[in-house]
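First comes the structure, then the notes that go with it.
The values are calculated or read from the model by the stated rules, or taken from the named source; none is laboratory data. Everything numeric here is computed off the predicted structure, so don't read it as measured data. Note that each Cβ is placed from the backbone with ideal geometry, even for glycine, and that neighbours are counted across all protein chains shown.
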Amino acid sequence: MSPVLTVEGLAVRYGAVEAVRGVSFHVDPGETVAIVGESGSGKSTLAHAALGLLPAGATVTAGRVLLRDTDLAAADDRELRHLRGRTVALVPQDPGASLDPVMRVGPQVAEVLEIHGLARGRAAALRAREALARAGLQPEQVADRYPHELSGGMRQRVLIAAALAADPALIVADEPTSALDVTVQKQILDHLTALTAKSGTSLLFVTHDLAVAAERADRVLVMRAGELVESGHPAQVFDAPRHPYTRELAAAAPGLDGPTARAGSTTGAPLMVLEGIDKTYPSRGGRTVDRPAVDSLDLAVSRGRTLALVGESGSGKTTVGRLVLRLLDPDTGRILFDGADVTSARGSRLRALRRRVQLVQQNPFTALNPRLTVEALIADPLHAHRIGSSADRRRRAAELVEVVRLPADTLHRRAAELSGGQRQRVAIARAIALDPELIVLDEPVSALDVSVQARILDLLRGLQRERDIGYLFITHDLAVAREIAHDVAVMRAGRLVERGPAATVLSEPRDPYTRALLDAVPDPRRHRPVTTPAHP
Amino acid sequence: MTVALAKAPVEAPSGTGPRRRRGPRIGLALAAVWLLVVALAVFVPHLLAPGDPLAGVPALKLQPPSAHHWWGTDEVGRDLYTRVVHGAGLTMSTAVLAVAMGVLLGSALGLLAGLAGGIVDVVVMRVVDVLFAVPGILLSLALITVLGAGTAAVAFAVSVGSIAGIARVLRSEVLKVRTSPYVEAAQVSGNRPLRLTLRHVLPNAVTPLLALAALELAAAILSVSALGFLGYGAQPPAPEWGAMVASGRDSLRTAWWLTTVPGLAIVATVLAANRVSLLGGRRLR
Amino acid sequence: MTRYVLGRLGQALLVVWAAYTITFAVLYVLPGDPVSLMAGTNLGFLTTAQLDELRHEYGFDRPLVVQYLIRLGAAVVGDWGHSIVSSRPVVDVVGEALVSTVQLTAVGLAVAIVGGTTVALATVWTKRRWPAQLLALLPPLGVAVPAFWFGLLLIQWFAFGIPLFPAFGAQGPASLVLPAVSLAIPTGATIAQLLTRSLDATLAEPYIQTIRARGAGTGRVLLRHALRNAALPTVTMTGLIVGGLLSGAVVVETVFSRPGLGRVVAQAVEQQDVAVVQGVVVLASIVFVLAGLAVDLLYPVLDPRIRAAGRRPVRSALGGAA
């Protein structure tokens, strides 16, 4: 059989920048092909080229994209419209923003049928309901809803339903689950692969996660800086990568096998202790009973150790971080630091506490004052606490830049001139400027590419060894937790469901929720044979 | 039609279509040149038009544009070009004065509300709401009823109309910056409230002020000339663009240039100020 | 819901009350009483005794707080005082003028909405071709054009040049055309600017990409999806737009010598007839506040996300399904 999609020597440029260079590959009928790469690798550009939907300003400078027999680069607008949705369909990246917010969900699924004249009116609505049911939703509950009334996972199912509604030959899924919680991610991917397998639809699957790709694809393509550096069977790509970049990616990919990185410990004097903490945010409506963000929580972080606080969005883990930093006040309970009760510390006592407890935030792009140079940013805590002369502070900033392994010339730059990884290093330098005893790290690597992630985690481990700092490491990612944590605490809906040494929790979880989380972490060495889906 | 990517790849910053890039650059250059000319007309009008804007030759009244009188003459034989050039001083100084007062008062109120919060915020913003609820020109007219006509009164009356908008933008800017992660980080770094405000909040909150001032200048020119047209600004025979349009009204049928030319000066200046305000990058309203 | 409506209503009343109070403070307190103000103008021939009598007649000799309370109390029940110049009730003076101004602003608003929306859609539709570059120039130009000047140009062209419409006055629908167009230019340009910007932002949303990936053409994308979403931020500016129209009407009525609020207020300012000025200002604030209320109550109809309060999300109903 001839391939559904053939890409031959494709080159795409945005102005002066070549986003894709000389890429060739094909997707056979019924095949699942994964394109793996970090941000800026050109993987999304490839996905959009397959839909004939390159953004304005992008030009195809060489090569061809053949969908069945039609050259998309040469096709006119009408031909392209005829193919989109009917022959090739898209499952987009961000389900939260990919549905028209003012239109009910059912008509949005039916629209693809109407556009292509496959059904109209009630017949289209009926077929939309069938499609929703195939995607694992209950149509009578969902079809008349607006997108904002559905959860992220449900919205992605709606989008899958719309993509499959017109029975396309190829589905392009562009990071379809990166905006979802891990447990939901797994369900969605399982369902998507099962559906495409059942209907014999080909799947072109774009992801930044080599493990996810290796787990589910028939073939894996690795992109780097616009070029295809490796392609092959997942087992080969992951276990015996030929290209050095793939090797680096495979090594950096956090997984769950092998011994845990660091031995757990329950000894050592606790540095920061939370006792019986409750915290409820006042609700806006005032009618419903508020669910507490944090519910009778006990937690302790030891000096020189890392406690990973793991949970999905809405679990309350970020609230805990803010409580520890005393950016929020608990409703009840006590917070002890180094034996002293700091629950209601104010003024100079609070400032004294903040010399010893520091913070690294999630998004390095908003965590740095855009008007200050790196030098001023790093020296800011010293300045705030009036430590040293301004020459001393400059010297210290230069030292710290070296400690976090940034080039010395970054000192006089501003945040906007730095990459995400570099910015996070600046934030870390700022956090250690005061030689704190505890640092709260709120998802410090989740906004970064995997290879950068691995280097930042490495830096954090090194700093901890040298300086005996305690970390409260907040993350949604068990694999990342495994890389850095001595102890793990798992949160769900404001409550701690499990806690213990990392080795124990991650290998023999007692709580079913922890098990579900662990199960959801992709395992490249457990290639899932595609099976017929159990119909919902 | 352009449709940007869901998540624009790093290589393709959004909004770099050809329309975005080339057109406005030319527009910006033209705007800058025009504002420069206006500045010359304000500060050294005799350099551009050496004649006397008030002296007319009755024999040469209502002459159409010619090589001798580029833009013609008015009903008492004064050179229109000279009057428009000299009129820039009155119109622009009134507008600039209005913006200066408006920006000063408006940003003071906005910053006060945003930084103080609580009851101060509520009270200040309710007052701003009221200023906002009365259309600009009516507010100005009410003040002129009391203050009487004249450029100072017009400047003050127009400035009051711009306070509400400026105060709102700055307040929301302060609130946005105050809840930003980098201010939280600075708080955790141990910054005292005063230093937090002065070093981390204020400098970032006032970024849009310059663009806002340019935008307000454009609005103020329109308001000043409208009040001048209605007869409340500079009194004749002083040249003021709005008043000149009004006086040309009587010869509308015979001397089109008397209304058209001063109006074009207003349009060009407002256009230029609006274009320059876009330099701030962020759209303010 | 009822509580929300009542709350908003209370807020609206507060604004109108404050507008009344502030105009009272400005007009009656600042530079001495209105009678002395008038003494400088058309009543200059009166003697001091006669002026005192006038003051007594209008109640200006009482303490300001008392004056304020009496006037406020009367205003609440619809007595907005009397014109100092013509002695007629302010409510009558303003009410008569209102009809003509409402006609003008209503037609102006309609022209502005239709014109602004058309220009915005056309700009976005033709993007990247040469007409788009021309179309994109229109809104900034329209915003920069003074309504009084454009009105005079229209008179030159379409009343004197080609005699299609009357230049002045308010006789019949034809006399409404030129004033309504000059009134609509700045407002329509503002709408076009807001809407173009909003359409640009909406078209960059991921869901538009998704809809295009289903094979939808530009027409469907724009009219069925983008326009409705893009109109939402513009709708919230209705108060500002109506305020702009009222401001414009004052000037445009003067240009075209039309009867209406503009002429009333221009006359009142000239004669320092404070009661009438206050009446018009408070009326304007009432209109602004009503526009705001209408938008607040209408918004949930346009945007289902605002309606959410009343309906439970399905999230919980389906539990672990996704």
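Pairs linking a residue in region C:250-269 that is facing another protein chain (nearest Cβ under 8 Å) to a residue that is among the polar types (S, T, N, Q) and not in a helix (DSSP H, G or I), with Cβ atoms under 9 Å and 6 or more positions apart or on different chains, are C:268/C:83. Checking A:355, A:386 one by one, the residue that is basic (Lys, Arg), farther than 20 Å from residue A:445 by Cα and assigned to a helix (DSSP H, G or I) is A:355 and no other. Hey, can you tell me all the residues within region A:458-481 that are in a helix (DSSP H, G or I) and within 16 Å of the chain's Cα centre (by Cα)? Those that are in a helix (DSSP H, G or I) and within 16 Å of the chain's Cα centre (by Cα): A:478, A:479, A:480, A:481. In summary, helices (runs of 4 or more DSSP H) completely within region C:236-317 and bearing 1 or more residues that are at pLDDT below 90, out of contact with any strand residue (DSSP E or B) (no Cβ under 9 Å at 6 or more places or on another chain) and of a type in the set (Asp, Glu) occur at C:261-270, C:274-302. When region A:487-515 is filtered for residues that are more than 23 Å from residue A:277 (Cα to Cα), out of contact with any Asp or Glu (no Cβ under 8 Å at 6 or more places or on another chain) and of a type outside the set (S, T, N, Q), the ones remaining, listed by number, are A:503, A:506, A:508, A:512, A:515.
Which ones in region A:68-93 are of a type in the set (D, E, K, R) and surrounded by fewer than 22 Cβ atoms within 10 Å (Cβ to Cβ)? So that I can check it myself, show each step before the final result.
Taking region A:68-93 first, the residues of a type in the set (D, E, K, R) are A:68-69, A:71, A:76-79, A:81, A:84, A:86.
Those that are of a type in the set (D, E, K, R) and surrounded by fewer than 22 Cβ atoms within 10 Å (Cβ to Cβ): A:68, A:69, A:71, A:76, A:77, A:78, A:79, A:81, A:86.
Each residue in region C:195-209 was checked for being at the interface with chain B (Cβ under 8 Å from one of its Cβ atoms) and more than 16 Å from residue C:117 (Cα to Cα), and 4 pass.
Would you point out which residue out of A:371, A:326 is of a type in the set (Lys, Arg), in the same structural domain as residue A:401 (by TED's automatic domain parsing), part of a loop (DSSP other than H, G, I, E, B) and at positive phi? Don't jump to the end; show me each part of the working.
Numbers: A:371 fails: at positive phi.
Going through A:371, A:326 in turn, the sole match is A:326.
Taking every residue in region A:290-304 that is part of a loop (DSSP other than H, G, I, E, B) and pairing it with any residue that is surrounded by fewer than 22 Cβ atoms within 10 Å (Cβ to Cβ) and of a type in the set (Phe, Trp, Tyr), at least 6 positions away or on another chain, the pairs with Cβ-Cβ distances below 6 Å are A:293/A:281.
Annotation: residue A:400 fulfils all but one of (1) touching a residue at least 24 places away in the same chain (Cβ under 8 Å); (2) in a loop (DSSP other than H, G, I, E, B); the unmet one is (2).
Look through A:150, A:90, A:80 and report the one residue that is in contact (Cβ under 8 Å) with a residue 24 or more places away in the chain, within 11 Å of chain C (Cβ to nearest Cβ) and more than 25 Å from residue A:185 (Cα to Cα). Before the answer, list the steps.
Values: A:150 fails: more than 25 Å from residue A:185 (Cα to Cα); A:90 fails: more than 25 Å from residue A:185 (Cα to Cα).
Matching residue, one of A:150, A:90, A:80: A:80.
Taking the options A:217, A:197, name whichever one is surrounded by fewer than 22 Cβ atoms within 10 Å (Cβ to Cβ), small (Gly, Ala, Ser) and out of contact with any Gly (no Cβ under 7 Å at 6 or more places or on another chain). Quick ask: steps written out before the conclusion?
Working: A:217 fails: surrounded by fewer than 22 Cβ atoms within 10 Å (Cβ to Cβ).
Going through A:217, A:197 in turn, just one is surrounded by fewer than 22 Cβ atoms within 10 Å (Cβ to Cβ), small (Gly, Ala, Ser) and out of contact with any Gly (no Cβ under 7 Å at 6 or more places or on another chain): A:197.
For region B:204-227, give me each residue that is of a type in the set (Ser, Thr, Tyr) and within 14 Å of chain A (Cβ to nearest Cβ). B:207 - this is the single residue of region B:204-227 that is of a type in the set (Ser, Thr, Tyr) and within 14 Å of chain A (Cβ to nearest Cβ). Scan region C:180-193 and give yes if some residue there is surrounded by 22 or more Cβ atoms within 10 Å (Cβ to Cβ), polar (S, T, N, Q) and touching a Leu at 6+ places or on another chain (Cβ under 6 Å), otherwise no. Looking for residues that are surrounded by 22 or more Cβ atoms within 10 Å (Cβ to Cβ), polar (S, T, N, Q) and touching a Leu at 6+ places or on another chain (Cβ under 6 Å), one finds at least one in region C:180-193, hence yes.
For residues in region B:11-31 being hydrophobic (A, V, I, L, M, F, W, C) and surrounded by 14 or more Cβ atoms within 10 Å (Cβ to Cβ), which is modelled with the lowest pLDDT? I'd like the intermediate steps shown before the answer.
Filtering region B:11-31 for residues hydrophobic (A, V, I, L, M, F, W, C) gives B:12, B:26, B:28-31.
Okay, now just the ones that are also surrounded by 14 or more Cβ atoms within 10 Å (Cβ to Cβ), so B:12, B:28, B:30-31.
Working: B:12: 31, B:28: 85, B:30: 89, B:31: 89.
Step by step, filter region B:11-31, then rank; the result is B:12.
The set of residues from region A:1-35 being among the β-branched types (Val, Ile, Thr) and closer than 18 Å to residue A:170 by Cα comprises A:4, A:6, A:7, A:27, A:32, A:33, A:35. Please work out if residue B:180 is surrounded by fewer than 24 Cβ atoms within 10 Å (Cβ to Cβ), within 23 Å of the chain's Cα centre (by Cα) and modelled with pLDDT of 90 or more. It is false that residue B:180 is surrounded by fewer than 24 Cβ atoms within 10 Å (Cβ to Cβ), within 23 Å of the chain's Cα centre (by Cα) and modelled with pLDDT of 90 or more.
I'm checking my understanding of the structure. Among residues of region C:134-186 that are of a type in the set (Val, Ile, Thr) and within 11 Å of chain B (Cβ to nearest Cβ), which one is nearest to residue C:104 (Cα to Cα)?
Filtering region C:134-186 down to residues of a type in the set (Val, Ile, Thr) leaves C:143, C:145, C:155, C:162, C:177, C:181, C:185.
Of the ones still in play, those that are also within 11 Å of chain B (Cβ to nearest Cβ) are C:143, C:145, C:155.
Details: C:143: 19, C:145: 19, C:155: 17 Å.
Filtering region C:134-186 for residues that are of a type in the set (Val, Ile, Thr) and within 11 Å of chain B (Cβ to nearest Cβ), the one nearest to residue C:104 (Cα to Cα) comes out as C:155.
Report yes if some residue within region A:50-67 is surrounded by 20 or more Cβ atoms within 10 Å (Cβ to Cβ), modelled with pLDDT of 90 or more and of a type in the set (Lys, Arg); otherwise report no. No, because not a single residue in region A:50-67 is surrounded by 20 or more Cβ atoms within 10 Å (Cβ to Cβ), modelled with pLDDT of 90 or more and of a type in the set (Lys, Arg).
Residues are listed down the side, and each one gets a yes or a no for (1) within 16 Å of residue A:475 (Cβ to Cβ); (2) modelled with pLDDT under 90; (3) among the aromatic types (Phe, Trp, Tyr); (4) touching a Pro at 6+ places or on another chain (Cβ under 7 Å):
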{"site": "A:306", "(1), (2), (3), (4)": "yes, no, no, no"}
{"site": "A:322", "(1), (2), (3), (4)": "yes, no, no, no"}
{"site": "A:325", "(1), (2), (3), (4)": "no, no, no, no"}
{"site": "A:329", "(1), (2), (3), (4)": "no, no, no, no"}
{"site": "A:332", "(1), (2), (3), (4)": "no, no, no, no"}
{"site": "A:336", "(1), (2), (3), (4)": "no, no, no, no"}
{"site": "A:339", "(1), (2), (3), (4)": "no, yes, no, no"}
{"site": "A:345", "(1), (2), (3), (4)": "no, yes, no, no"}
{"site": "A:348", "(1), (2), (3), (4)": "no, yes, no, no"}
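Residues are listed down the side, and each one gets a yes or a no for (1) farther than 24 Å from residue C:140 by Cβ; (2) at pLDDT 90 or above:
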{"site": "B:210", "(1), (2)": "no, no"}
{"site": "B:237", "(1), (2)": "yes, no"}
{"site": "B:242", "(1), (2)": "no, yes"}
{"site": "B:251", "(1), (2)": "yes, no"}
{"site": "B:254", "(1), (2)": "yes, no"}
{"site": "B:264", "(1), (2)": "no, yes"}
{"site": "B:267", "(1), (2)": "no, yes"}
{"site": "B:270", "(1), (2)": "no, yes"}
{"site": "B:277", "(1), (2)": "no, no"}
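Could you tell me whether any residue of region A:451-461 is of a type in the set (A, V, I, L, M, F, W, C) and modelled with pLDDT under 90? Write out each step before concluding.
To start, the set of residues in region A:451-461 that are of a type in the set (A, V, I, L, M, F, W, C) comprises A:452, A:454, A:456-457, A:459-460.
This time we only want the ones that are modelled with pLDDT under 90, so: A:452, A:454.
Yes: one or more hits.
When residues of region C:209-245 are filtered for being out of contact with any Asp or Glu (no Cβ under 9 Å at 6 or more places or on another chain) and of a type in the set (D, E, K, R), how many remain? Going through region C:209-245 one residue at a time, the tally reaches 1.
From the list B:174, B:169, B:201, B:158, pick out the single residue that is within 13 Å of chain A (Cβ to nearest Cβ) and of a type in the set (A, V, I, L, M). Can you show your working first?
On the way: B:174 fails: within 13 Å of chain A (Cβ to nearest Cβ); B:169 fails: within 13 Å of chain A (Cβ to nearest Cβ); B:158 fails: within 13 Å of chain A (Cβ to nearest Cβ).
The match here is B:201.
For residues that are assigned to a strand (DSSP E or B), buried (at least 24 other Cβ atoms within 10 Å of the Cβ) and not hydrophobic (A, V, I, L, M, F, W, C), tally how many sit in region A:482-495. Adding up the residues that qualify gives 1.
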